[in-house]
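Notes for the one structure printed next.
The values are calculated or read from the model by the stated rules, or taken from the named source; none is laboratory data. Because the structure is predicted, anything quoted here is derived from the model rather than measured. We place every Cβ from the backbone using ideal geometry, glycine too, and count neighbours over all the protein chains shown.
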């Protein structure tokens, strides 16, 4: 696991951090290279899914073709449906070619990293204040299942 991709809650910042440092940190989006291949496969699957929906194509067909696994494709679709029900607003997804992640994609990547590590506490910290706590367990399970399916894909 990439240690630099570990989630750092907002309250873990140094109390001496200036507003300028905080704003500068927020202006610098997370990059795909900060995360594991599994986390980025999940994010890229979501991007492909959004592209298919916009183009009026079946995302299951495209995801299965790209991932060479219907199990992984279905897991990504389940992840997307579960997150869509739990998210407080519409999810922002970048174009597939973009190396920078949207704030939502960064949360998804962090969720995948925490689920891959089996770290429920880190997972809860990622979602704390964004998603109601009673939804965390279901999100953890669907993320864990998605990460496992992606990892076992050819």
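Based on what the data block shows, is residue 151 assigned to a helix (DSSP H, G or I), surrounded by fewer than 17 Cβ atoms within 10 Å (Cβ to Cβ) and in contact (Cβ under 8 Å) with a residue 12 or more places away in the chain? For residue 151, the condition - assigned to a helix (DSSP H, G or I), surrounded by fewer than 17 Cβ atoms within 10 Å (Cβ to Cβ) and in contact (Cβ under 8 Å) with a residue 12 or more places away in the chain - is met. As a summary of the residue check, residue 58 satisfies the conditions (1) in contact with a helix residue (DSSP H, G or I) (Cβ under 8 Å, 6 or more places away or on another chain); (2) loosely packed, with under 12 Cβ neighbours inside 10 Å; (3) under 21 Å from residue 152 (Cβ atoms) except for the one numbered (3). Of the residues making up the range 77-115, those that are farther than 17 Å from residue 28 by Cα and crowded, with 20+ Cβ neighbours inside 10 Å are 79, 80, 83, 108, 111, 112, 113, 114, 115. A count restricted to the range 8-38 and to residues that are assigned to a loop (DSSP other than H, G, I, E, B), at pLDDT below 70 and under 22 Å from residue 99 (Cβ atoms) stands at 1.
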